Each structure stands twice: as structure tokens, then as C-alpha cells.
Amino acid sequence: MIALKRGARTPRFVPDYMASSLDDIDFALLKKHGIHYVAFDADSTLVNFRGKTMMRVTKQFLRSKRHLFKKWCIASNRITNDLQPLANSIEAKVVRATLFTRKPSKRFFERVYKELNSKPAETAMIGDKLIADMWGAKRAGMTTIWVGGLGNDNPLDRIFRTRQVERKLMSAYRPVENIKKLKP
Ligand SMILES: [Mg+2]
């Protein structure tokens with residue numbers, strides 16, 4: 001996990017930290033910095049796009065970090081109601097999008113705080129999308145961690161080449177070799 005230097009004029013889509021994968025996230029460090037609550041994006045962060053189960057090593061890794069935090073949740077724009085088993089497997093709550101409350105809206109993140117019973121300054125958002133996850137959560141006051149997306153992308157993201165656009169956006173904030181390392 002790499003910390004990015006933020007200034008007053010740094011755009012909100014620039015995350016506080018970058019990690020090449022979930023197991024590259026230094027959860028103990030987050031805790032040390034006052035993070036007691038964590039929200040995870042689901043698609044391309046915990047699981048493949050529309051996936052339902054996590055890789056066993058990922059699950060074991062997250063379970064081993066669960067005790068560091070008071071609560072954590074899955075905060076997803078998925079409308080289908082199929083995230084509960086995934087959440088149960090890592091002792092997380094679920095905050096799902098509704099038709100009008102979706103990431104990156106502030107209202108969505110307010111629901112995350114409500115579910116976790118947390119304050120913005122002690123809550124971190126972990127996700128793969130610069131706008132939905134990083135920009136939205138930063139605007140709502142959270143610490144943000146951008147992770148390299150898992151395999152399959154949302155077809156729309158493939159069409160709009162979202163990942164390429166994100167990489168380009170971020171290249172101004174990190175040396176290119178780090179971006180390559182993040183998304184091989
Ligand atoms: Mg995602």
C-alpha cells in the first residue's frame with residue numbers, strides 16, 4: 001500500500017492510499033491512523049463483476065483483520081439482493097444502492113455511516129473506481145483506498161475504457177511505474 005500526498009487542491013478522486021490488491025492493504029496502519037470502520041466496494045474489489053464468492057485466501061486474509069475494526073460493511077451499487085452471503089462470510093453488514101441512492105451520491109455514503117454508526121473521519125472506503133468509490137467517499141469525508149480491480153470488468157466500463165481513463169487520470173499523481181505495478 002502506498003500513501004499519496006494530498007494537498008488542499010488535490011482533486012477528490014485522488015485516493016489517500018493505493019494498493020495493488022486487497023492483501024496489499026495495511027489494515028493495521030489504517031487503524032493506527034484512527035480508522036475504526038471500513039466500507040468495501042463489492043464488484044471488482046471483493047469479487048469479480050457480479051461475483052458471489054470471494055477467493056478463499058482473500059476471505060481468510062480479511063477475516064484475520066476483522067478484529068482490528070469495530071464494524072465493516074459492503075457498500076455496493078449492485079441492485080440485486082445477493083450480497084448477504086458474501087457479507088456474512090467476512091462478518092460485514094451490507095449497504096446496497098437503491099434507484100436514487102447510489103455511489104457516488106452523498107446520500108449513499110450517509111447510509112453507510114448510519115449502518116456502521118460511524119463518523120466520516122474514522123471510516124475508510126476501499127474500492128476500485130475513482131469516481132464512484134474514491135471521489136464519492138472523499139466528498140463524504142472518508143479516508144480512501146484505491147485497489148487494483150479484479151479480473152472481469154463491468155461491460156459498460158469495458159466499452160468506456162474506464163480503467164484506461166482512470167490510469168491516465170492518476171498518472172499525474174504517481175510515477176508511471178507505480179501505476180503499472182498497481183495494474184499489471
Ligand atoms: Mg467496483
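Each reported figure results from applying straightforward, stated rules to the coordinates on display, with no laboratory input. These numbers were taken from a predicted model, which means no experiment stands behind them. Note that each Cβ is placed from the backbone with ideal geometry, even for glycine, and that neighbours are counted across all protein chains shown.
For this structure, a couple of remarks:
- Scattering curve values for the chain, log₁₀ I(q)/I(0), Debye with Cα scatterers, q = 0.13 Å⁻¹: -0.60
- Expressed to the nearest 5 percent, the antiparallel share of DSSP beta bridges inside the chain is 10 percent.
- Residue exposure proxy: H33, H67, ordered by other Cβ atoms within 10 angstrom of their Cβ from fewest to most, comes out as H67, H33.
- Order of K31, K129, K114 - criterion: other Cβ atoms within 10 Å of each residue's Cβ, fewest first: K114, K31, K129
- Modelled label positions at S105 and S20, each set 7 Å beyond Cα in the direction of Cβ, lie 3.8 nm from each other.
- Cα-derived Rg over Rh, computed across the stretch 1-100 with Rh taken as Kirkwood radius: 0.98
- Extended-chain gain in nm, criterion 0.36 nm per residue less alpha-carbon gap, L29 and I131: 34.3 nm
- The chain - charge dipole about Cα centre, Lys and Arg +1 at Cβ, Asp and Glu -1, debye rounded to 20: 320 debye
- Taking every alpha-carbon pair under 8 Å whose residues sit at least 6 apart, the chain reaches a relative contact order of 28 percent.
- Under a 5 Å amide H cut-off, with hydrogens placed 1.01 Å from N, A75 pairs with F40, D41, A42, V95 among residues at least 5 apart or on other chains.
- Neighbour-count order for V38, V112, fewest beta carbons within 10 angstrom listed first: V112, V38
- The simple spin-label model puts a point 7 Å past each Cα toward its Cβ; for R56 and N117 those points are separated by 3.5 nm.
- In order through the stretch 96-107: 3J(HN,Hα) via Karplus (6.51 cos²θ - 1.76 cosθ + 1.60), integer Hz, x for Gly, Pro: 9, 6, 10, 4, 10, 10, 9, 4, x, 5, 4, 4
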